[in-house]
Amino acid sequence: LMLYDVKKADVASDTYKANKATLEEWHINNQTCAVLGGLAAASNVLEGKKYPTSNLIIPYVYMCIAGLHADAVTVQMWDGGAIQPKDLHPSAKAARAALHESLMGFWVTDIPTHRLNFLLICTLLDPRLIDLRLPLITAQTRTQARDAFLAEYALNWAPLKSKENEVEKGPSEEAPPKEDQGDGGSCGSFRQVSMGSFSDFMGAMEAHGMIPDAVVE
């Protein structure tokens with residue numbers, strides 16, 4: 001559009017001349033593209049069809065949300081330039097604030113527990129993300145993710161005990177739980193297993209009371 005305005009302005013129609021963008025509108029357009037750049041990149045990755053993407057949703061979406069915070073720097077995806085919060089045009093700033101509020105509601109504050117647990121388990125199964133060191137992930141969320149994973153594993157994936165070899169143990173015979181060694185996210189002896197179908201997972205979550213009752217309106 002800029003090249004057209006420079007090279008063809010003399011032959012442009014009156015309609016174009018009357019409605020072409022002003023310098024301020026170009027400024028807003030530039031900043032708006034920068035605000036949406038992270039989400040555009042995330043969408044491109046998460047729409048992949050030849051690799052798993054469920055493990056990438058929380059990292060990409062949460063990082064994008066953090067980048068939309070009022071105090072965050074907006075990065076221009078095309079050249080890496082940074083736009084400080086104070087330099088954002090009021091229109092771009094208002095749009096970014098509205099987008100941040102909407103995404104926070106959908107993905108963080110109002111996301112159904114069963115959906116968040118599913119995404120958290122997928123994230124935990126990626127060895128690169130096992131420590132959940134991500135924006136917006138709190139200590140409470142990490143505990144929630146661990147409990148959801150253990151519940152799903154115990155219900156659907158843990159090896160069945162042989163009744164012939166099963167020996168009843170009293171409380172004193174049980175091995176004490178191992179303390180968290182804080183290995184900085186190392187997988188240790190963790191073995192990744194198949195998660196089965198989404199319906200299987202949802203059934204497991206429902207069996208453990210993690211899916212809220214349907215709201216009757």
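The values are calculated or read from the model by the stated rules, or taken from the named source; none is laboratory data. As the structure is a prediction and not an experimental result, all values here were calculated from the model. Please note: Cβ atoms are built from the backbone with ideal geometry, for glycine as well, and neighbour counts cover all protein chains shown. Note: areas computed on protein heavy atoms with side chains; ligands, DNA, RNA excluded. Shrake-Rupley method; radii C 1.70, N 1.55, O 1.52, S 1.80 Å.
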> How many percent of Cα pairs in segment 73-146 exceed 14 Å?
Replying inline: 71 percent
>> Could you tell me the extents of segment 13-65's C-alpha atoms along the three principal axes, largest first, rounded to whole Å?
In response: 51, 22, 8
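Are there trypsin sites (Lys or Arg not before Pro) in segment 31-121 that DSSP puts in a loop and that have at most 11 other Cβ atoms within 10 Å, and which ones?
Details: sites: Lys49, Lys50, Lys86, Lys93, Arg96, Arg115; in loops: Lys49, Lys50.
Listed in order of number, the matching sites are Lys49, Lys50.
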> Among Trp157, Trp107, what's the order by accessible area (1.4 angstrom probe), most exposed first?
Replying inline: Trp157, Trp107
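For the full complex of protein chains and a 1.4 angstrom probe, list Thr109, Thr141 by accessible area with the highest value first. Before the final figure, lay out each step's value.
Numbers: Thr109 95, Thr141 25 Å².
Correct descending sequence by accessible area is Thr109, Thr141.
Can you list which of the chymotrypsin sites (Phe, Trp or Tyr not before Pro) found in segment 1-103 are DSSP loop residues with at most 14 other C-beta atoms within 10 Å? Mind showing how you got there, number by number?
On the way: sites: Tyr4, Tyr16, Trp26, Tyr60, Tyr62, Trp78; in loops: Trp78.
Passing both the DSSP loop test and the Cβ count: Trp78.
Protein chains only, probe 1.4 Å: how do Met63, Met2 rank by accessible area, largest first?
Numbers: Met63 100, Met2 130 Å².
Reading off the accessible areas and sorting them downward yields Met2, Met63.
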> If R0 is 45 Å, what FRET efficiency do you get for Ser13 and Thr113 from their C-beta distance, rounded to 0.05?
Replying inline: 0.20
